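Worksheet: one structure, shown below.
The values are calculated or read from the model by the stated rules, or taken from the named source; none is laboratory data. On a predicted model such as this, the values are computed, not experimentally measured, just so you know. Using ideal geometry, Cβ is built from the backbone for each residue, glycine included, and neighbour counts are taken over all protein chains shown. Note: accessible area is taken over every heavy atom of the protein model, side chains too, but ligands, DNA and RNA are not part of it. Shrake-Rupley method; radii C 1.70, N 1.55, O 1.52, S 1.80 Å.
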Amino acid sequence: MNGRTLKFTWLVVGLALAVYFGLAPVPARAEPNASPLAFDDCGGINVSAANPSYEQQVVELVNAERANQGLPPLKRSTSLDSAARAHAEDMGRERYMTHDSQNPACVWSARVAKYYSNANSLAENIASGYSTPQDVMDGWMNSAGHRANILSASNWEIGVGYYPDGLYGTSWVQDFGRRSSFPPLVINRESAATTSPNITCMYMARGARSACATTAMPGRTGQPSAAS
């Protein structure tokens, strides 16, 4: 496995149901703080967001990067959020950084599928050691494999997890997916709020995308909801 260090942090990437490559050689795993299965992220458990603002900022940064390339935005999925949060917390608690769970029977794609079923496509980015959403996005975008996941046309939805501990101090996860039977409607590129009366939307279906536009009430802010 070829290695490269980015800002003294480590990044690993998975592409479409297979781990693609790592940017750095996987270091010897630190001794966990608890038994390996004290927190089993492959059990479909749901954990609370450690920093909802960080998660939302990552989603908005991803969709801004996609817009710069003329790509449709990704819909935020609560199912993928749950998968990403659980893995971020598991990596943070156990001080490791790999796609596969500490549970040896659970590879990363099976772990994500516990939350996000009937997927036609899956991908995942992970990172450790970055302090802010912008920092981790810069690291991912400066890596060819991670950038490919972020800008992929194969996926329609995204989930993000962050945990304020880990092998290098923080743990970050992006999970991507597509379920052809659940074409998403994306409002305002998944921005948390808007002060504009004009709202844009994008509908993905049968491999095509359709743009639509509507108008919010003047003076009101919008709060797009997440898909399940």
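List of remarks:
- Screening the candidates 58, 107, 136 for the property of being more than 15 Å from the chain's Cα centre (by Cα) and among the β-branched types (Val, Ile, Thr) yields one hit, 107.
- Restricting the range 163-182 to residues that are assigned to a strand (DSSP E or B) and open to solvent by 20 Å² or more (accessible area, probe 1.4 Å), the residue that is nearest to residue 108 (Cα to Cα): 178
- Some residue of the range 183-192 being modelled with pLDDT of 95 or more, surrounded by 17 or more Cβ atoms within 10 Å (Cβ to Cβ) and in contact with a Ser or Thr (Cβ under 9 Å, 6 or more places away or on another chain): no
- Residue within the range 114-126 that is at positive phi, free of Cβ contacts under 8 Å to residues at least 60 places away in the same chain and out of contact with any His (no Cβ under 6 Å at 6 or more places or on another chain) present: no
- Against the numbered list (1) part of a helix (DSSP H, G or I); (2) more than 24 Å from residue 61 (Cα to Cα); (3) open to solvent by 10 Å² or more (accessible area, probe 1.4 Å); (4) not β-branched (Val, Ile, Thr), residue 134 comes up short only at (2).
- Just one of the numbered conditions (1) surrounded by fewer than 24 Cβ atoms within 10 Å (Cβ to Cβ); (2) within 14 Å of the chain's Cα centre (by Cα); (3) among the aliphatic types (A, V, I, L, M) is not true of residue 160: (1).
- For residue 95, the criteria (1) on the phi > 0 side of the Ramachandran plot; (2) modelled with pLDDT of 95 or more hold in every case but one, which is (2).
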